[in-house]
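I have placed the structure first, in the form of structure tokens, so that the comments after it can refer back to it.
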Amino acid sequence: MSVIVFTVILLLGSYLAGLLGSLTGLGGGFIIIPLLTLLLKVDIHYAIGASLVSVIATSSGSAAAYVKEGITNIRLGMFLEIATTAGAFTGALLAIYVPTHVIAIIFGLILIFSAVMSLRNKAEQIVHKETFLSKKLRLSGNYPVNDELIDYNVTNIAGGFFMMVFAGIISGLLGVGSGALKVVAMDGIMRIPFKVSTTTSNFMIGVTAAASAVVYLQRGYIHPGIAMPVVIGVLLGAISGSKILVHTPSSKWLRWVFAIVVTVLSVQMIYNGIKGNI
Amino acid sequence: MESKETYNSPVPFGGDQQKGISGSVKDKDIQVIIGWILRGGVAISMILVFIGGIFFVYRHGYSIPDYRTFKGVPVFIHDFGGIINGVITFKGQAIIQLGIILLIATPIIRVAFSAVGFLLEKDYLYTFITLIVLLIILASMISGYAG
């Protein structure tokens, strides 16, 4: 396959990945890595490097918008970034020693988990009680809903922190944003309102990915010929996705379509991993 | 009622009465700066990646790349000096790589700015927390060189 054909296929595929990733909130990395490894037969280390770069582009781009709206809890994000960057550093080191077929299997498992998480109906419980740590770290906050500020507090900070270390390791090992795991830590464990948890998670994804990208860059995992179409495609796709989201309410059927696509891809990744093709 | 109180309250230096991140004026300024850094960093790096991509595809469009086995990146973009050298001589892959380095640097610069912001607010706890994050990233960078 010539450079021009490879670039065009990857641009289109990445555009679709970015579009679906932004509409469903799962991120583009989950389609990019199977696309590169299964379809284009690219080495998984190159795939992870390119995906990681696209994760930084989309999360930084959209974080800029959310930060402006004042929904992102910057203190909470900063505090949890200790956990995610330490995890990402560990994950990037592990990626050197973990055999590629094992990475493919872990990727498939995390992918299935994320798809299930995206379909689950969530019940929101806002906590108002202050804990010792939430007071010390000043993690309580408020966010605007129709010109009114809703106050909230944060609970089980230690539990959330450890979940974030795990999210960071997965992000560094697989080259994805691991937004689903971050949201588990924030809505599930720390009881943060959805609007705050999704925007704060997105705010942290860029730094987390950068912490492992600095390792990948020096090890030659980030190849310009692969990263160039991926980052351009995913970013344009994500921008289109956010434009569509403004005009249409989140549709249930789209989540189902994505969940089915993702399940097929993850089974493929696990199968090829077990057979040692990756 | 609550919201009115939050918006009008002066910036407390002790911080204990501070309601939330959207509460104080200085926090808002820092948020605006952070927004600009993120948007500017992504825009400039994407322009570089795009320009580099045009040079790369124009020159090497018909060559057959082999990405099946891992061989790292071409020698001329192994280190930063090589990349700058390549950019000056309009080498597509070097321009792309410079854009990617800038993209990776964008969230790190954001963290550094947050540290300055917290320091200006006299929020020493968060200045410290932010510096820890920067140190972890620095350690990650150094470990990459060592390997």
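Side notes on the structure shown:
- Label zone at residue A:119 (point 7 Å along Cα-to-Cβ), backbone N below 17 Å, the stretch A:252-273: A:252-268
- At 1.567 mPa s and 4 °C, Stokes D of the stretch B:99-141 from Kirkwood alpha-carbon radius, µm² per second: 121
- Length gained on full extension, residue B:138 to residue B:122: 3.3 nm, using 0.36 nm per residue less the C-alpha separation.
- The distance separating the Cα centre of the stretch B:121-139 from that of the stretch A:94-129 comes to 28 Å.
- Modelled spin labels at residue A:275 and residue B:44, positioned 7 Å past Cα toward Cβ, are 4.7 nm from each other.
- Averaging the Cα positions of each part gives two centres, and for the stretch A:143-218 and the stretch B:47-112 these lie 30 Å apart.
- When the Cα positions of A:220, B:38, A:56 are compared along the charge dipole of the protein assembly as shown, A:220 comes out farthest toward the positive end, with charges on each C-beta of Lys, Arg, Asp and Glu.
- Cα gyration tensor shape of the stretch A:202-274, rounded if a/c is under 1.5, else prolate or oblate by comparing a/b with b/c: oblate
- For the stretch A:86-234, the Stokes-Einstein estimate of translational diffusion at 20 °C and a viscosity of 1.002 mPa s comes to 127 µm²/s, using the Kirkwood hydrodynamic radius over alpha-carbon pairs.
- Whole-percent P(r), the protein assembly as shown, all Cα pairs, 20 Å bins from 0: 28, 58, 14, 0.
- Taking the accessible area of the protein assembly as shown, probe 1.4 Å, and keeping the other protein chains in place, the carbon and sulfur fraction comes to 70%.
- Computed helical MRE - 222 nm, the protein assembly as shown, DSSP H runs ≥ 4 contributing -39500 (n - 2.57), nearest 500: -24500 deg cm²/dmol
- Take residue A:267: with every protein chain present and a 1.4 Å probe, its accessible area is about 80 Å².
- Whole-percent pair-distance distribution, where bins are 10 Å wide, for the alpha carbons of the stretch A:76-158: 13, 26, 33, 21, 7, 0
The values are calculated or read from the model by the stated rules, or taken from the named source; none is laboratory data. Please read these numbers as outputs of a predicted model, since none were measured by experiment. Backbone-built Cβ (ideal geometry, glycine too); neighbour counts: all protein chains shown. Remember, those area values only see protein heavy atoms, side chains included, never the ligands or the DNA or RNA. Shrake-Rupley method; radii C 1.70, N 1.55, O 1.52, S 1.80 Å.
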